[in-house]
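Have a look at the structure below, then the notes.
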Amino acid sequence: MKSLSSEKAEFLQVLASRIVPETTELDAVGLGRFFCIIDQALQDRPASVRRQFATFLGVLRWASFARYGNPLDKLRAERQDAVLRWFEDCPVRILRTGFWGLKAMIFMGYYGQPETNELVGYAPDLDARANLHA
Amino acid sequence: MRPISTPGQISMREKEFDIVIIGSGAGGGVAAKELAPLCVDGKRIAVLEWGAKLKDEEFSGREVDMASKLFFDSGGTFTADRAMTLAYGRAYGGSTVIYTGTSLIMPEDVVERWSVPGLEFTDLHRRSMKYFEENNVHRLGDNEINDNNRLFLKGCEKLGYRVEQFPINVKGCKGSSLCNLGCPNKAKQGTDRVQLPKAEGLGVEVITNCRVTTIGDRVCEAIVTDPGFGEPSKWEPGEYRVKAKVVVLCAGGVVNSPGLLLRSGFCDHLPMLGRSITLHPALILVGEHEDSITNFHGFPKSYYCDEFMKLDKFLLETCMYFPFVTAKNLIGFGAQHSELMRAFPKLQMILVLALDAAVPENRVTLDAHGDLVIDYTLTEPVLDSLHASMLASTKVFFAAGARRVHAPAGKRFFIDAADADRVDELIPRANVKPGKISITSAHLMGGCGMGRDTTDSVTDGWGRVHDVPWLYVGDSSLFPQCSEVNPYVTVMALADRVAEGIRNNVGELLS
């Protein structure tokens, strides 16, 4: 990725496994598409947004250290989810919005792939007139 | 005004026109068509459009791909506090390429509340009807309405909520439901299909991939680029100095019209420039039914409920979005979120919109680096409206037969039908948390509001910027307050009026 260091990209993949568990089932091509979509989205944003995103990943990674003695990627899954739920509902707005932005990026990387449409049952049709009534 | 560069300082190509229109959406496209007859009299008119003109075959319906090509910031422009995202178009045809085409006339009581000198409901109504006809606005027949929409109607009727059918501007709709990614069937009657071709047929030049960076005294500086998709611009990539002997008309939308004027230094005598924007904040709820329904096949937005507009200040509308947009509008993550996404064919969706008051502190402005910033605070009354809208929508889902509902402010991820009588308790007001809940805007309004003088507005009732006789505005930034209905028809009616004013003043302006 151009937008993130390899270390941060690896951490992003750990987060993705909790946000969208199906990302663990992506093959190498799918994972490549996942990172490519996110990277392009970050590249299209101002540099300040890229810096904020990278900083937020850092905050997220080390936020659990005080309580659990380990960075987030070293925790077991249940504790990772607990930390992420705390951020989603955080009383500090900037952390809430940061978490929303993170989720949006991961959702974009996964659900934004046309190849995953079938997995959720989304089957658009340019001419759907014959399909209007179930 | 800031001094604009002079020829010789930078290698710029020079172009000269009589009228320069910035933007080609609902406002710019209409103005271009209405002013086009002047070309027959030898006047030269250019439309400078930032976005690309996509070839018909490029409307692929692929969500992320089309969002990046047709929207500013791929449909996710942030407000300064990151609590909202704004979606507005960047294309030949502007936002008319990516809207759903629901066509409503602004109510008379709203026109009266706007209190713009010389702006009368009868005039706006007449002009609106002109565009109803021009854009083939009509209501779909029963056989063209899918289950997602029928269930909304069923739910509202069962609860006794007033529900109306949207007139829409389509011709030959094939029910792809891809309206918000650009209609792949050329059915949506945006300015790209109706007004711009007419304007070009009479001699108006539309220059795409052309971003105006500054406006000076009857001159614009612009940059033409090659984005790598769409038809090539009529001008070579590079920097341009575009003279407008008569008029410059800004129709770049709520972010870019005031933004351009702010960058160009017009704020010095226009204290209201950029101020009092309204965004019609919106969010989505989903209801899951037992069986698959037709939701992503068929026109997505056929009904609205305005039962709660007067007292609670919100609207409900049917909607259908794509997998990524749906995913980011749900709260939560992990297994439950995935479970709901995998029920995509069973999902009914409702869009709620809150009426926001125009307050001067909500504005488009420039930061210390000269970059555009959208300062917008979600007020407590708006959050109250969004909360109330979630209660009403959830009840509509259950009345329509949904087995469970996901409400962004719900105590639980799912509210089951068995708890349908506890909706008020299960969706507490305290859970309406900006930053956690995805709140968006596709109806951007204000920033160059019409009014009496510079103390309360930026333009007069004909879109002419106060004390700048050659400068006009012709888009939704003219709105002094929220239109309370989907705005595009009102934009067209106002742009029609602005163009008439320009035609009437051409002689004076030339002299």
Take the residues of segment A:70-116 that are under 27 Å from A:Val29 (Cα atoms) and among the aliphatic types (A, V, I, L, M): which is farthest from the other protein chains (Cβ to nearest Cβ)? A:Leu72
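Of all residues in segment B:2-37 being hydrophobic (A, V, I, L, M, F, W, C) and modelled with pLDDT under 95, which is farthest from the chain's Cα centre (by Cα)?
If we take residues in segment B:2-37 being hydrophobic (A, V, I, L, M, F, W, C) and modelled with pLDDT under 95, then B:Ile10 is farthest from the chain's Cα centre (by Cα).
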Note on segment B:338-365: residues within 14 Å of chain A (Cβ to nearest Cβ) and in contact with a helix residue (DSSP H, G or I) (Cβ under 7 Å, 6 or more places away or on another chain) are B:Ser338, B:Met341, B:Arg342, B:Phe344, B:Gln348, B:Met349
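Yes or no, residue by residue, for (1) in contact with a helix residue (DSSP H, G or I) (Cβ under 9 Å, 6 or more places away or on another chain); (2) crowded, with 18+ Cβ neighbours inside 10 Å; (3) under 28 Å from B:Lys310 (Cα atoms):
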position: B:Val432; (1), (2), (3): yes, yes, yes
position: B:His443; (1), (2), (3): yes, yes, yes
position: B:Thr455; (1), (2), (3): no, no, no
position: B:Arg464; (1), (2), (3): yes, yes, no
position: B:Trp470; (1), (2), (3): yes, yes, no
position: B:Phe479; (1), (2), (3): yes, yes, yes
position: B:Cys482; (1), (2), (3): yes, yes, yes
Out of the residues in segment B:71-87 that are aliphatic (A, V, I, L, M) and more than 8 Å from chain A (Cβ to nearest Cβ), state the one that is nearest to B:Leu378 (Cα to Cα). B:Met84
Looking at segment B:310-323, is at least one residue within 14 Å of chain A (Cβ to nearest Cβ), among the hydrophobic types (A, V, I, L, M, F, W, C) and crowded, with 22+ Cβ neighbours inside 10 Å? yes
Against the condition within 26 Å of B:Ser68 (Cα to Cα), of a type in the set (Gly, Ala, Ser), in a helix (DSSP H, G or I) and at pLDDT 95 or above, how does A:Ala16 come out, does it pass? yes
Please list, ordered by residue number, the strands (runs of 3 or more DSSP E) wholly in segment B:197-306 having 1 or more residues that are within 14 Å of chain A (Cβ to nearest Cβ). B:282-288
When you scan segment A:23-32, how many residues do you find that are buried (at least 19 other Cβ atoms within 10 Å of the Cβ) and within 13 Å of chain B (Cβ to nearest Cβ)? 1
Which number in (1) in contact with a helix residue (DSSP H, G or I) (Cβ under 7 Å, 6 or more places away or on another chain); (2) free of Cβ contacts under 8 Å to residues at least 24 places away in the same chain marks the one condition that B:Lys328 misses? (2)
Please state which of the following conditions A:Ile38 fails to meet, knowing it meets all the rest: (1) modelled with pLDDT under 95; (2) more than 7 Å from chain B (Cβ to nearest Cβ); (3) in contact with a helix residue (DSSP H, G or I) (Cβ under 9 Å, 6 or more places away or on another chain). (1)
Scanning segment B:29-71 residue by residue, the ones that are under 18 Å from B:Glu231 (Cβ atoms) and either in contact (Cβ under 8 Å) with a residue 12 or more places away in the chain or crowded, with 24+ Cβ neighbours inside 10 Å (or both) total 19
Scan A:Asp44, A:Asp27, A:Asp39 and give me the residue that is touching a Lys or Arg at 6+ places or on another chain (Cβ under 7 Å), among the charged types (D, E, K, R) and within 28 Å of B:Val64 (Cα to Cα). A:Asp39
From the list B:Val137, B:Val110, which residue is away from chain A (no Cβ under 12 Å) and over 22 Å from B:Gly190 (Cβ atoms)? B:Val110
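Within segment A:59-78, which residues are charged (D, E, K, R) and touching a Leu at 6+ places or on another chain (Cβ under 8 Å)?
A:Arg61
Do we have B:Thr278 as of a type outside the set (Phe, Trp, Tyr), within 30 Å of B:Asp456 (Cβ to Cβ) and either surrounded by 24 or more Cβ atoms within 10 Å (Cβ to Cβ) or modelled with pLDDT of 95 or more (or both) here?
Yes, satisfied.
The values are calculated or read from the model by the stated rules, or taken from the named source; none is laboratory data. Fair warning: this is a prediction, and the values are worked out from it, not measured in the lab. Neighbour counts run over all protein chains shown; Cβ positions are idealised from the backbone, glycine included.
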